[in-house]
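Note sheet for the following structure.
The values are calculated or read from the model by the stated rules, or taken from the named source; none is laboratory data. All figures in this text were calculated on a predicted structure; none of them were measured in a lab. Here the Cβ positions follow ideal geometry from the backbone for every residue, glycine too, while neighbour counts run over all protein chains shown.
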Amino acid sequence: MIQFGGAFAAAGPIHAVSSRVLDVLPVVTRVAELLHPGLDLTERQARLMARLEVGLPASAAELAVHLGGRITRADYLRLVRSALCDVDTLEAAPDEELLGRLGNDLEKLVAVRAAVRAYRATWSEGTLSGAILPSPED
């Protein structure tokens, strides 16, 4: 369709659906919490919204919550393919290895390191709870 001068890029419809889901997801999760007292979907909602905003697999969700759009989707996917998307692995990885996956962009490296620290700070404050529901699958 875009070959003949279509008005949108190939990913346009996908972005439209993602945007609409991002609009209604907070309402849907709140309704579920009201219908099921004691159910807290705050963390699950945050992970899903972060994944939808950037277009990521579940394995990168926690990183995306704290890092957001400070790196590109391509950067996230390179980290995922290199098994460098969980906080422990990122924390242990040398800067040179991460820089290689982040296009040798020092600002992105600083952002990733800051996201890891933010995750650890959130974890140490006890605001992350144990999962009530099973982890999502890709």
Report task. For the stretch 6-22, state whether one or more residues are among the basic types (K, R) and farther than 24 Å from W123 by Cα. Result -> yes
Query - From L56, L39, L25, L63, residue being touching a Leu at 6+ places or on another chain (Cβ under 9 Å), farther than 30 Å from L90 by Cα and touching a residue at least 24 places away in the same chain (Cβ under 8 Å) - result: L39
Query raised in the report: Regarding E91, is this residue at pLDDT below 95, assigned to a helix (DSSP H, G or I) and in contact with a Ser or Thr (Cβ under 9 Å, 6 or more places away or on another chain)?
Result: no
Query raised in the report: Hey, among G12, G38, G69, which residue is over 30 Å from R117 (Cβ atoms), surrounded by fewer than 15 Cβ atoms within 10 Å (Cβ to Cβ) and either modelled with pLDDT of 90 or more or within 11 Å of the chain's Cα centre (by Cα) (or both)?
Result: G38
Query raised in the report: Within the stretch 18-28, is there a residue that is among the hydrophobic types (A, V, I, L, M, F, W, C), in contact with a Pro (Cβ under 9 Å, 6 or more places away or on another chain) and part of a helix (DSSP H, G or I)?
Result: no
Report task. May I ask you to verify whether R51 is assigned to a helix (DSSP H, G or I), surrounded by 19 or more Cβ atoms within 10 Å (Cβ to Cβ) and either within 14 Å of the chain's Cα centre (by Cα) or of a type outside the set (S, T, N, Q) (or both)? Result -> yes
Report task. Please enumerate the residues belonging to the stretch 53-66 that are among the hydrophobic types (A, V, I, L, M, F, W, C) and more than 14 Å from A114 (Cα to Cα). Result -> V54, L56, A58, A60, A61
